[in-house]
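Take a look at the structure set out below.
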Ligand code: AOF
Ligand code: ZN
């Protein structure tokens, strides 16, 4: 399939438009749609929060001229099912769109190619695959959940230049500067879940909330969504007044089956208690992630200590690590980033690939993906 320079330009615009919706659409993917008539943009729009209009329907509402014979550039295959909203294929057909250019097919089995078929059956020219990788990156968690039944898992951590995340006493405020900490707020804002462990809850009593405004998050006009908080707490030691339980979002606590102590107190605190697998006295990490995906969670941000992050890494459940590195040395008595003490030879080292780096204030931000065999 060959695409023109104009096609590239309009699909780029559609992807940029979709990016503005990353924080607001979950569990739906953030999609962008640009409608072009006679080489002029008639409308550009993105998906609205779940339950409200999809990108195509919103774009057709916004058009400033007749779009008969026009082209729609859509970052995801238009849906053809009656979900919370009517099918976008029908809206495009009814509007008289002649050509649809799609970046990525929708991995949702309800759609998955059937959207393209419906458009073609109505005589519309459909082309797909333009800027597919960029479009997929916007919805990496949605794609992973649909394709594997697991959410995308990102570990976020801050460390000194000598690889330490807290002093031996546990003191960790603050390793990185205010700009890097503000950047973490953006990571939280796009996540569906912040996952942590009971040790972090007991040590820091964190709230794990988004404290940036809609305009600071470039989502003017839309409510700032608070991600769910999920605590892995085998023996239910979470205090009922822990800040993380909060009232502004759900808090799920995964615990072992036989625990009774503290159960009722925590239930009345507003937290949702979830029992780990039957017959198990510990929490199986993969089944936690599976059950989050069953609850339509696309992206999990892990903000936890070395025990939990290392266990996730050892089980090859991590998709990305986002690391903030502060220009300070905390000394060898301080706590290391990960607890991977079973690694004894170079051959056993966990291999990563750097995908991005930049300076944020005085700190560095590095993104890496583990290379599992
Ligand atoms: C589109 N355009 O902008 C998005 C789509 O429950 P519903 O009706 O909101 O449908 C949700 C599904 O629609 C979602 O799982 C995904 O397959 C697709 N998302 N489709 O045509 C959009 N966000
Ligand atoms: Zn749709």
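Here are the numbers for the structure shown:
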| item | result |
| --- | --- |
| Hits in region 166-195 - residues which are in a strand (DSSP E or B) and within 13 Å of residue 302 (Cβ to Cβ) | 193, 194, 195 |
| Of all residues making up region 225-253, the number that are assigned to a loop (DSSP other than H, G, I, E, B) and either within 12 Å of residue 270 (Cβ to Cβ) or within 20 Å of the chain's Cα centre (by Cα) (or both) | 12 |
| Identity of the residue in region 103-147, part of a helix (DSSP H, G or I) and more than 15 Å from ligand 1 (Cβ to nearest atom), that ends up farthest from residue 326 (Cα to Cα) | 121 |
| Matching residues in region 61-85 - criterion: being in contact with a helix residue (DSSP H, G or I) (Cβ under 7 Å, 6 or more places away or on another chain) and either within 10 Å of residue 35 (Cα to Cα) or away from ligand 1 (no atom under 16 Å from the Cβ) (or both) | 67, 72, 73, 74 |
| In region 88-117, the residues that are surrounded by 19 or more Cβ atoms within 10 Å (Cβ to Cβ), within 13 Å of ligand 2 (Cβ to nearest atom) and under 25 Å from the mean Cα position of the chain (by Cα) | 88, 102, 106, 108, 111, 115 |
| Test: residue in region 11-18 that is over 21 Å from the mean Cα position of the chain (by Cα), without any contact (Cβ under 8 Å) to a residue 40 or more places away in the chain and under 20 Å from residue 130 (Cβ atoms) | no |
| Meets criteria (surrounded by fewer than 16 Cβ atoms within 10 Å (Cβ to Cβ) and modelled with pLDDT of 95 or more) for residue 149 | yes |
| Breaking point among (1) outside any helix (DSSP H, G or I); (2) buried (at least 17 other Cβ atoms within 10 Å of the Cβ), for residue 260 | (2) |
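So that you can scan it fast, the table gives a plain yes or no per residue for (1) in the same structural domain as residue 23 (by TED's automatic domain parsing); (2) under 22 Å from the mean Cα position of the chain (by Cα); (3) surrounded by 21 or more Cβ atoms within 10 Å (Cβ to Cβ):
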position: 255; (1), (2), (3): no, no, yes
position: 265; (1), (2), (3): no, no, no
position: 286; (1), (2), (3): no, yes, no
position: 296; (1), (2), (3): no, yes, no
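The values are calculated or read from the model by the stated rules, or taken from the named source; none is laboratory data. Not measured: the values here are computed from a predicted model. Here the Cβ is made from the backbone with ideal geometry for all residues, glycine too, and neighbour counts use every protein chain on show.
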